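Scroll down for the structure; my scribbles are underneath it.
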Amino acid sequence: MLGLIKKDLFLIKGNLKATGIILIVFIGLAIFGNINLAFLPVFISFVLFMSTFSYDEYNKWDSYAITLPNGRNNVVKAKYATTLILLVVSTVIVTILSILLGVVKNEFDIKEIISATIGSIVAIILLISITYPIIFKFGNEKGRIAMFIIIFLSSSIFAFLFKSVKISKDMISLLEQYGVFAFIILSIILLFGSYQLSKNIYQKKEF
């Protein structure tokens, strides 16, 4: 599995220059504007890692990978493991940049940075949990279409429920106190469930 992780990291390395330019642009906007950098780990991790699926599909990598010992299981493990590595690295970098920008602009608020960072991590984990099983099932191109449809429908349902359900002050208070921990636990459960689902899908997939 280590070799598969290295393979994905090498593929990601080829896109780092373009990502660095985007990062510099957003840092400039954050310095002279009012943009929060907390969303960047989501953007960086997702865009960079989605490119590895494109490379694999284009080069028909899966047909070779499944011939390796325990190939099917290791392919799925490596995708999730590499994504988490990339998420941790990008989160650390962006958090450090957010702290430095806060100090430079005299707007340093550690609680806001931590909250925004946690929210960013939860968002990417939720996105991964939805996206990866779809891509393993339908492939990269068809998977993207299916992903957008599912996300659109899910967002519409949540928006409808949010408008329809009356939220009491007690519920708001509970969310303020325990919402972050609840979302973290939910994200971990969803990520594990997503991994298991992707593994089952990939085991049965024909190439």
Calculated FRET efficiency for the pair residue 2/residue 93, C-beta based, R₀ 30 Å, to 0.05
0.80
Quick one: which of 60/204; 6/60; 7/199; 13/204 span more than 29 angstrom between C-alpha atoms?
13/204
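The numbers here are math on the coordinates, done by the rules we state, and not lab data. Source: prediction; values computed, not measured. Every residue, glycine among them, receives a Cβ derived from its backbone with ideal geometry; neighbour counts consider all protein chains shown.
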